[in-house]
Amino acid sequence: MYLFIETWKPTPAWLNLTKKERVNYVDAVGDAIKQLLDSGVEIIGWGLNDAETDKHNGFDYFAVWKFPSKELAKQFEGMVSTAGWYCYFQQVNCSGFMAAPQDVLAHSINL
């Protein structure tokens, strides 16, 4: 399985939209999310980023996704970009294949 983690916060372009425009955009995003779920993508969780978190990254929201393949995650990245998401939100992503903690730490040791 391939994990995709995103954190984001609104840009001035989002804040300048009317509430109706925001609702319309979110409705369209919801339709795209339904298509992803129908293709086997899992939402591990979405949330508000707790500002009291140690080493807080400065973003307001996060989402954790599980994809059946890296290729599907890459399609997701394209969908996000095509939808104009990055005009409305500043975002930072990380992704990779799931691995055991000892394998990840061993990689770090062997740098």
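Given 0.36 nm per residue, what is the gain on full extension from Ile5 to Asp54 after removing their alpha carbon distance, in nm? Don't skip to the answer; put the middle values down first.
Numbers: separation 49, 0.36 × 49 = 17.64 nm, distance 1.82 nm.
The span from Ile5 to Asp54 would gain 15.8 nm if fully extended.
What angle, in degrees between 0 and 90 and rounded to the nearest 10, separates the Cα long axis of helix 19-38 from the longest principal axis of the Cα atoms of the chain?
Result, in degrees: 40.
Would you list, by chain and number, the aspartates and glutamates whose Cα falls below 20 Å from the Cα of Lys19, excluding same-chain residues fewer than 8 positions away?
Within the straight-line cut-off, Lys19 pairs with Asp27, Asp31, Asp60.
Can you give the three extents of the C-alpha atoms in region 2-109 along their principal axes, from longest to shortest, in whole Å?
50, 35, 19
Evaluate the relative contact order of region 2-109 (contact order divided by residue number), counting alpha-carbon pairs under 8 angstrom at least 6 apart; express in whole percent. Working shown, then result.
Details: 122 pairs, mean separation 52.7, N = 108.
Over region 2-109, the number comes to 49 percent.
Which of Lys34/Lys66; Lys34/Lys55; Lys34/Lys70 have a Cα-Cα distance over 23 Å? Walk me through the intermediate numbers first.
Values: Lys34/Lys66 14 Å; Lys34/Lys55 33 Å; Lys34/Lys70 19 Å.
Flagged as over cut-off: Lys34/Lys55.
Cβ under 15 Å from Phe67's Cβ, Phe67 left aside: what net charge do those residues give with Lys, Arg +1 and Asp, Glu -1?
In short, -2.
Please find the FRET efficiency linking Asp27 to Lys66, where r is the Cβ-Cβ separation and R0 is fixed at 25 Å, and quote it to the nearest 0.05.
0.55
So how far apart, in nm, are the two label points at Ile44 and Asn16 if each is 7 Å from Cα heading toward Cβ?
3.6 nm
Just so you know, all these numbers are worked out from the coordinates, no wet-lab data involved. As the structure is a computational prediction, the values presented were derived from the model and not from experiment. Quick reminder, even Gly has a Cβ in these numbers, built from the backbone with ideal geometry, and neighbours come from all protein chains shown.
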